[in-house]
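Colleague: Let me give you the structure first, and then I'll get to my questions.
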Amino acid sequence: MFGVYNGEMDTADFLRHIQSLLWYQEQIVHVEQVPSREARTRDLDPPLDARLVQSLEDMGVSGLYTHQAEAVEKLRDGKNVIVATPAASGKSMCYNLPVLEALLEDRTSRALYLYPTKALSQDQEKKLAELMPASDGPRGIRHAIFDGDTPRPDRATIRRSSNIVITNPDMLHLGILPNHRAWYRTLRGLKYVVLDEAHVYRGVFGTHVANVMRRLRRLCRLVGSSPQFILCSATIANPGEHAERLVGEPFDVVEDDGSPYGGKDFVLWNPPMIDLADGSRRSTNSEATQVFAELLKRHTRTMTFVRSRRQAELIHVYARDQLKLTHPIVAKRISPYRASYLPEDRRRIERDLFEGRLLGLSTTNAMELGVDVGNLDATILTGYPGTIASAWQQAGRSGRGGERSLSVMVANNNPLDQYLMRHPESFFGKSHESARISPANPYIMKPHLICAAYEAPLTMNDTEFFGPELLWYADELIEDEYLHVRHSRWHLLPEVTYPAERVNIRSASGAFYTLVDSDTGAILETVSEETAFMQLHPGAIYLHQGESYLVKDLDLDSHTAYCSLTDAPYYTQVRDYTETRILNTYKSRQVGEVSVFLGEVNVSTHVVGFKRVKHQTEEVLGDEYVELPPQEYETTALWFTPDRYTLDRIHAEKLDLAGGLHAVEHAAIGLLPLFAMCDRNDIGGISTPLHPDTGRPQVFIHDGHPGGVGVAEHGYEVIEDLWRATYEVISQCPCEAGCPSCIHSPKCGNNNQPLDKEVARMVLEGLLSDIPESL
């Protein structure tokens, strides 16, 4: 009988049980047995303040892990520190202990804690409160959360008397830095700045946060303080480099994890083939639901991660309906979870999971960060989450109690997931990806320079914070009538008021479109200008909180989209046409017989129509045309041409060069996130048998954001590895002429036409022919 929960999971027994079920079809392609390890501890010299030692003993903590002690000692020595260790390794102690030690010594000192989400702020505030010395009395160290939910009557008290202010980068950018005079006491006494979950600060968001950090350091210098920075991160390939680019100062790295670990069985699960010819597989959602339900039947506390809000709801419904038949009580003990729920609903679900009333959760990556929900036994990843770091963060949500745990990653039918299914060593044996940001991106730095000028006039000395780019960006801002020069300083023009309100630090674009329910007049949400034409074009089906809305009109002047609820049995897929023009070549290198280039390009995307696709059957119900203006931006790209021998052979045999290049482009873009921490949507590309700027066949891969955020640059550096992985995906896929597992892209604006799998294989063979295997 299954269903008796004894508090510790037997992972091997569960896997044997799964393999005995009638629906099992050899989906388990690999089981990685991650070994357990013992804790390594050591004493501090000198020891912690006796009051902190007592607090630790009250919590049942008898000593510090080696990485915690190392971090405290480096911070005592005045260093900036980044701690890059796995989930559940006790990273919060690495900053809470030195901060509290400093505040106990000097009550005028201050600390600023920055978390990427409000939920994490709430959770970490509880951990901090638990560590606060009870013997410190009513006039002890004070801490408070300051974010958009903080009641206005409380804000002045927090500014005046809180030793530790807990907030997020958005509030620092919008509420604290522009009002720095009201925060003088905090900034003047600032001893430590903590950035938790630093691996999240990558791409556009990370580039914005890097500029916010430079604005913070600049204001601290102006008021006479020089805080130390403490960063905590999941394991990434470049923690020191990332920290230094994020903050702009040198860092020491702490990454030798001394915490104990109960071990884990990590399963790679590939849905079975339905049709070998077209490469179709069973639904990832269905497979994840089956595993989820089997775990819940055994009363195994399980969290299932998904890639979208709709998926979170669907898997909850599928699992609940399946369990109702045989385990009706268990069916009532599961719930969906996502960031868009109301705060009180999120807190209730978190509490129910922590206290054991819930057995299972289907969640977006809102639960990936370290909100404490108690000890879980199993995690399911519905599709590869995009980075190795995120995958281990999600998997690390189970096994926090020191027992052996289970994680199952169910593959999607796309090139990256299928590559990992065939090459487990690329996931388990490969170092983690590098986090990439580009602080000098003009589309991001220039708005922050305007914000900085609002906070205090800019001077030549500020190149210390913003680099030499400040000089020519300031000249451009004068031409654009944001700044003017007076007494050798750049001042904001009087008519520019509170510029931080117009800078969204989670987008590269400053412009937004508002989605309005035309039946009620309610504002549903805002969408960045970068994605509005793709998602809010007339006729689009847009999902909002699980409901489908039909977009009726897109007003380009007022930046407003009007929609209404619909029960349409289809979704929409946009068709677009993209052109890339080379503006500047930064550098090039010879790789075998071909040259690879990195440079600046102009990308012009023109949405020309969309198709309506029926749910479940994927039947195309019709094609529609739309009239929208093209969108242009300048960004960074890499590009290359196939070798001469392969091109001659393709021409001689009259093969489809355009289809082959298009297929290479799709597969390479799909696999680039394996090497750089980015989402598939952060990258774009085009291919052409004759590019007007080079007169040759060309494949371009470019950053999907204005100015670039370092993804294409990293692709240029690892191009040999990218080509090799792309070749393996295409050549090893069992389909006949191409499928979603190798060369099809759901984002393709040309409806995946033309594509030629065999020519793509030939092109990649030619690119790799003169490259040693050891590279």
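Colleague: So VAL317 ticks every box in (1) of a type in the set (Val, Ile, Thr); (2) within 29 Å of ASP417 (Cα to Cα); (3) in contact (Cβ under 8 Å) with a residue 24 or more places away in the chain; (4) in a helix (DSSP H, G or I) but one. Which box is left unticked?
Modeller: Looking at each condition in turn, VAL317 falls short on (3).
Colleague: Report whether or not GLU425 is within 30 Å of CYS748 (Cα to Cα) and open to solvent by 20 Å² or more (accessible area, probe 1.4 Å).
Modeller: Working: within 30 Å of CYS748 (Cα to Cα): yes; open to solvent by 20 Å² or more (accessible area, probe 1.4 Å): yes.
So GLU425 fits the description; yes.
Colleague: Run down LEU296, LEU323 and say which single residue is in contact with a helix residue (DSSP H, G or I) (Cβ under 7 Å, 6 or more places away or on another chain) and either outside any helix (DSSP H, G or I) or farther than 19 Å from GLN27 by Cβ (or both). Explain how you work it out, then say what you get.
Modeller: Working: LEU296 fails: either outside any helix (DSSP H, G or I) or farther than 19 Å from GLN27 by Cβ (or both).
From the options LEU296, LEU323, the qualifying one is LEU323.
Colleague: Conditions first: (1) touching a helix residue (DSSP H, G or I) at 6+ places or on another chain (Cβ under 9 Å); (2) under 30 Å from LEU543 (Cβ atoms); (3) part of a strand (DSSP E or B); (4) not hydrophobic (A, V, I, L, M, F, W, C). PRO629 passes all but one, so which condition is the exception?
Modeller: Every listed condition holds for PRO629 apart from (3).
Colleague: If I ask for residues that are open to solvent by 50 Å² or more (accessible area, probe 1.4 Å) and in contact with a strand residue (DSSP E or B) (Cβ under 9 Å, 6 or more places away or on another chain), which ones from the stretch 147-201 would you list?
Modeller: Matches in the stretch 147-201: ASP154, THR157, ARG159, ARG185, ARG188, LYS191.
Colleague: Then there is this: Select the helices (runs of 4 or more DSSP H) contained entirely in the stretch 1-92, then report the ones holding at least 3 residues which are out of contact with any Lys or Arg (no Cβ under 6 Å at 6 or more places or on another chain) and farther than 30 Å from THR284 by Cα. If you could, list the steps in order and put the result at the bottom.
Modeller: Working: elements: 11-19, 50-58, 66-76.
Of the helices (runs of 4 or more DSSP H) lying wholly inside the stretch 1-92, those with at least 3 residues that are out of contact with any Lys or Arg (no Cβ under 6 Å at 6 or more places or on another chain) and farther than 30 Å from THR284 by Cα span 50-58, 66-76.
Colleague: Anything in the stretch 102-136 that is under 33 Å from the mean Cα position of the chain (by Cα), more than 24 Å from GLY78 (Cβ to Cβ) and among the hydroxyl-bearing types (Ser, Thr, Tyr)? List them, or say none.
Modeller: Of everything in the stretch 102-136, those that are under 33 Å from the mean Cα position of the chain (by Cα), more than 24 Å from GLY78 (Cβ to Cβ) and among the hydroxyl-bearing types (Ser, Thr, Tyr) turn out to be TYR115, THR117, SER121.
Colleague: GLU368 is checked against (1) touching a Cys at 6+ places or on another chain (Cβ under 6 Å); (2) on the phi < 0 side of the Ramachandran plot and fails just one. What number does that condition carry?
Modeller: Going through the list (1) touching a Cys at 6+ places or on another chain (Cβ under 6 Å); (2) on the phi < 0 side of the Ramachandran plot, GLU368 breaks only (1).
Colleague: Looking only at the stretch 570-589, how many residues end up being within 28 Å of GLY622 (Cβ to Cβ) and surrounded by 15 or more Cβ atoms within 10 Å (Cβ to Cβ)?
Modeller: First, pick out the residues of the stretch 570-589 that are within 28 Å of GLY622 (Cβ to Cβ): 570-579.
Going one step further and asking which of them are surrounded by 15 or more Cβ atoms within 10 Å (Cβ to Cβ), we end up with 570-576, 578-579.
Within the stretch 570-589, residues that are within 28 Å of GLY622 (Cβ to Cβ) and surrounded by 15 or more Cβ atoms within 10 Å (Cβ to Cβ) number 9.
Colleague: Filter the stretch 691-733 for residues that are among the β-branched types (Val, Ile, Thr), open to solvent by less than 10 Å² (accessible area, probe 1.4 Å) and over 18 Å from LEU661 (Cα atoms) and give the result.
Modeller: Initial filter on the stretch 691-733 (among the β-branched types (Val, Ile, Thr)): 694, 699, 701, 709, 711, 718-719, 726, 729-730.
Next, from what is left, pick out any that are open to solvent by less than 10 Å² (accessible area, probe 1.4 Å): 699, 701, 709, 711, 719, 726, 729-730.
Listed by number, the residues that qualify are VAL709, VAL711.
Colleague: So, one more: Here is a check on your reading of the model: is LEU722 closer than 22 Å to THR585 by Cβ and in a helix (DSSP H, G or I)? Break it down stepwise before answering.
Modeller: Numbers: closer than 22 Å to THR585 by Cβ: yes; in a helix (DSSP H, G or I): yes.
Judged against the criteria, LEU722 is a match.
Colleague: A further question on this structure: Regarding the stretch 110-131, can at least one residue be identified that is at pLDDT below 90 and more than 22 Å from VAL373 (Cβ to Cβ)?
Modeller: no
Colleague: What pairs come up if the first residue lies in the stretch 632-645 and is without any contact (Cβ under 8 Å) to a residue 60 or more places away in the chain and farther than 20 Å from TYR586 by Cα, the second is open to solvent by 50 Å² or more (accessible area, probe 1.4 Å) and not hydrophobic (A, V, I, L, M, F, W, C), and their beta carbons are under 9 Å apart, counting only those six or more places apart or on different chains?
Modeller: ARG644/GLU593
Colleague: Can you pull out the residues in the stretch 734-758 that are among the hydrophobic types (A, V, I, L, M, F, W, C) and crowded, with 22+ Cβ neighbours inside 10 Å? Show your work before the answer.
Modeller: Of the stretch 734-758, the ones among the hydrophobic types (A, V, I, L, M, F, W, C) are 735, 737, 739, 742-743, 748, 755.
Scanning the stretch 734-758 gives CYS739, CYS742, ILE743, LEU755.
Colleague: Here's a follow-up. Just to be sure I understand the filter: pairs with C-beta atoms under 8 Å, separated by 6 or more residues or on different chains, first member in the stretch 233-247 and more than 7 Å from ALA84 (Cα to Cα), second member open to solvent by 10 Å² or more (accessible area, probe 1.4 Å) and aromatic (Phe, Trp, Tyr). Which pairs pass?
Modeller: From the stretch 233-247, the pairs are GLY240/PHE251; ALA243/PHE251; GLU244/PHE251.
Colleague: Right, here's the next one. Looking at the stretch 392-423 only, could you name the residues that are within 18 Å of ALA676 (Cα to Cα) and touching a strand residue (DSSP E or B) at 6+ places or on another chain (Cβ under 6 Å)?
Modeller: Within the stretch 392-423, none qualify.
Colleague: I would also like to ask the following. With respect to the numbered conditions (1) at negative phi; (2) open to solvent by less than 40 Å² (accessible area, probe 1.4 Å), which one is the sole condition not fulfilled by GLY383?
Modeller: (1)
Colleague: Still on this structure, please answer the following. Just give me the residues in the stretch 236-275 being in contact with a strand residue (DSSP E or B) (Cβ under 8 Å, 6 or more places away or on another chain), over 23 Å from GLY90 (Cα atoms), in a loop (DSSP other than H, G, I, E, B) and open to solvent by 10 Å² or more (accessible area, probe 1.4 Å), in sequence order.
Modeller: Once the filter is applied, which keeps residues that are in contact with a strand residue (DSSP E or B) (Cβ under 8 Å, 6 or more places away or on another chain), over 23 Å from GLY90 (Cα atoms), in a loop (DSSP other than H, G, I, E, B) and open to solvent by 10 Å² or more (accessible area, probe 1.4 Å), the stretch 236-275 yields GLU249, ASN270, PRO272.
Colleague: Next up: Looking at ASN461 and the list (1) farther than 24 Å from THR635 by Cα; (2) in contact (Cβ under 8 Å) with a residue 12 or more places away in the chain, which single condition is not satisfied?
Modeller: (2)
Colleague: With (1) at positive phi; (2) modelled with pLDDT under 95 as the list, and LYS654 as the residue in question, which single condition is left unmet?
Modeller: The one condition LYS654 does not meet is (2).
Colleague: In addition: Please verify whether the stretch 546-562 includes one or more residues that are touching a strand residue (DSSP E or B) at 6+ places or on another chain (Cβ under 6 Å) and of a type in the set (S, T, N, Q).
Modeller: Yes, there is a match, as at least one residue in the stretch 546-562 is touching a strand residue (DSSP E or B) at 6+ places or on another chain (Cβ under 6 Å) and of a type in the set (S, T, N, Q).
Colleague: Right, next: Condition test on GLU70, is it under 30 Å from VAL267 (Cα atoms) and acidic (Asp, Glu)? It would help to see each step written out before you state the result.
Modeller: Working: under 30 Å from VAL267 (Cα atoms): no; acidic (Asp, Glu): yes.
Considered against the rule, which asks whether it is under 30 Å from VAL267 (Cα atoms) and acidic (Asp, Glu), GLU70 comes out as no.
Colleague: Ok, one more. Going through the stretch 559-579 one residue at a time, which ones are assigned to a loop (DSSP other than H, G, I, E, B), farther than 18 Å from VAL626 by Cβ and touching a residue at least 24 places away in the same chain (Cβ under 8 Å)? Spell out how you get there, then give the answer.
Modeller: So the first thing to find is which residues in the stretch 559-579 are assigned to a loop (DSSP other than H, G, I, E, B), and the list is 559, 566-569.
Checking which are farther than 18 Å from VAL626 by Cβ leaves us with 567, 569.
Passing the criteria: only PRO569.
Colleague: Restricting the stretch 203-235 to residues that are under 22 Å from GLN124 (Cα atoms) and within 16 Å of the chain's Cα centre (by Cα), which is most open to solvent (accessible area, probe 1.4 Å)?
Modeller: It comes out as THR235.
Colleague: Consider the stretch 566-622. How many of its residues are within 24 Å of ASN752 (Cβ to Cβ) and polar (S, T, N, Q)?
Modeller: Just the residues of the stretch 566-622 that are within 24 Å of ASN752 (Cβ to Cβ), to begin with: 568-580, 601, 603-622.
This time we only want the ones that are polar (S, T, N, Q), so: 572-573, 578, 580, 604-605, 616-617.
Qualifying residue count, the stretch 566-622: 8.
Colleague: Regarding the stretch 170-180, can at least one residue be identified that is more than 22 Å from SER55 (Cα to Cα) and outside any helix (DSSP H, G or I)? Explain how you work it out, then say what you get.
Modeller: First, the residues of the stretch 170-180 that are more than 22 Å from SER55 (Cα to Cα): 170-180.
Then drop every residue that is not outside any helix (DSSP H, G or I), which leaves 180.
Yes: the stretch 170-180 contains one or more residues that are more than 22 Å from SER55 (Cα to Cα) and outside any helix (DSSP H, G or I).
Colleague: What number of residues within the stretch 388-436 satisfy the criterion of being in a helix (DSSP H, G or I) and among the polar types (S, T, N, Q)?
Modeller: Taking the stretch 388-436 as the starting set, the residues that turn out to be in a helix (DSSP H, G or I) are 388-395, 415-422, 424-428.
Pick out the ones that are also among the polar types (S, T, N, Q) and you get 390, 393-394, 418, 426.
Going through the stretch 388-436 one residue at a time, the tally reaches 5.
Colleague: Identify the residue in the stretch 590-622 that is of a type in the set (D, E, K, R) and surrounded by 12 or more Cβ atoms within 10 Å (Cβ to Cβ) and, among all such residues, is nearest to HIS714 (Cα to Cα).
Modeller: Residues of the stretch 590-622 of a type in the set (D, E, K, R): 593, 600, 611-612, 614, 618-619.
Those left that are additionally surrounded by 12 or more Cβ atoms within 10 Å (Cβ to Cβ): 593, 600, 611-612, 614.
Working: GLU593: 21, GLU600: 14, LYS611: 34, ARG612: 36, LYS614: 38 Å.
Step by step, filter the stretch 590-622, then rank; the result is GLU600.
Colleague: Look through ALA667, ALA658 and report the one residue that is part of a helix (DSSP H, G or I) and either charged (D, E, K, R) or open to solvent by 30 Å² or more (accessible area, probe 1.4 Å) (or both). Can you show your working first?
Modeller: Working: ALA667 fails: either charged (D, E, K, R) or open to solvent by 30 Å² or more (accessible area, probe 1.4 Å) (or both).
Exactly one of ALA667, ALA658 is part of a helix (DSSP H, G or I) and either charged (D, E, K, R) or open to solvent by 30 Å² or more (accessible area, probe 1.4 Å) (or both), namely ALA658.
The values are calculated or read from the model by the stated rules, or taken from the named source; none is laboratory data. Here the structure is a predicted model, which means the values were calculated and not measured. So basically every Cβ, Gly included, is an ideal-geometry build from the backbone, and we count neighbours across all protein chains shown. For accessibility, only protein heavy atoms count, side chains too; no ligands or nucleic acids. Shrake-Rupley method; radii C 1.70, N 1.55, O 1.52, S 1.80 Å.
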